[in-house]
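Visitor: Dropping a structure here in C-alpha cells format, bear with me for questions.
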Amino acid sequence: MNDEQIEHFEAELRLVKLAEPPPALLTRIEKLRPVQKVQYSEQSSTHSEIISLSLLFRWLIPAAALLVAGLMVWRSGLLPFQDVSWLRSAAAPPPPVKADDVQIDQELITSFDAVAKMPDGEPVRFRCRKWMDNVVVSDRRSGLVLQERTPRFEVVPVGYETY
C-alpha cells in the first residue's frame, strides 16, 4: 500500500460508527464483576489523613530545601545577576559600541561542478560552492561580543570547452 491508499483507508475507518455490544454480553460482564462493599470507619479516615500528610511532606521538604539552598547561593553572591544597577538607569541610552576587534572568516563547506543546457542546446558548466561566513565583533570595554554565522551559496558560470 502506498501513502495515498493508507490515508484513504484511514479516512474510511474514521467514518465507520462503532456498534453497540449485545445486551447479553453486558449482563454477563456485570455478573462476573465482583461487588465490593466499602465500610467506612473512623480508623480508615485517620489512616487516609496520615497518608495524605505524608504525601504532602514528601513534596514539601525537598521544595523547602531547594528554596533554602537558592537563598544561600543568592546571598553569597555567586550568581552573576546580583548587580541590578541597569534597572535604575533604564531610561538612559546605552553607550555606543566601539569595536576593539573585528574578525571576518569564510569557510568553504562544499564545492562541486554542474552542467546544464541552454535553451539553444549549448552546454554550460557551473561551479557551485557553499560557504559559511563568520563575523565576530568585540568591545572589550563593555564586554560585548557579537558573532554572526551565515551560510552562503555561490554559483559561477564557467566556460565549457569541448574538444
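Results for (1) of a type outside the set (Lys, Arg); (2) modelled with pLDDT of 80 or more; (3) within 30 Å of Trp131 (Cα to Cα), shown as yes or no for each residue.
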position: Arg28; (1), (2), (3): no, yes, no
position: Glu42; (1), (2), (3): yes, no, no
position: Ile50; (1), (2), (3): yes, no, no
position: Gln103; (1), (2), (3): yes, yes, yes
position: Phe112; (1), (2), (3): yes, yes, yes
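Visitor: If I ask for residues that are touching a Phe, Trp or Tyr at 6+ places or on another chain (Cβ under 8 Å), closer than 30 Å to Val97 by Cβ and surrounded by 13 or more Cβ atoms within 10 Å (Cβ to Cβ), which ones from segment 108-159 would you list?
Guide: Listed by number, the list holds a single entry, Trp131.
Visitor: The conditions are (1) among the β-branched types (Val, Ile, Thr); (2) at pLDDT 85 or above; (3) exposed (fewer than 10 other Cβ atoms within 10 Å of the Cβ), and Thr162 fails exactly one of them. Which is it?
Guide: Thr162 satisfies all of (1) among the β-branched types (Val, Ile, Thr); (2) at pLDDT 85 or above; (3) exposed (fewer than 10 other Cβ atoms within 10 Å of the Cβ) except (2).
Visitor: Of the residues that make up segment 103-117, is at least one touching a Pro at 6+ places or on another chain (Cβ under 9 Å) and not β-branched (Val, Ile, Thr)?
Guide: Scanning segment 103-117 turns up at least one residue that is touching a Pro at 6+ places or on another chain (Cβ under 9 Å) and not β-branched (Val, Ile, Thr).
The values are calculated or read from the model by the stated rules, or taken from the named source; none is laboratory data. Because the structure is a prediction, the values reported are computed rather than measured. Using ideal geometry, Cβ is built from the backbone for each residue, glycine included, and neighbour counts are taken over all protein chains shown.
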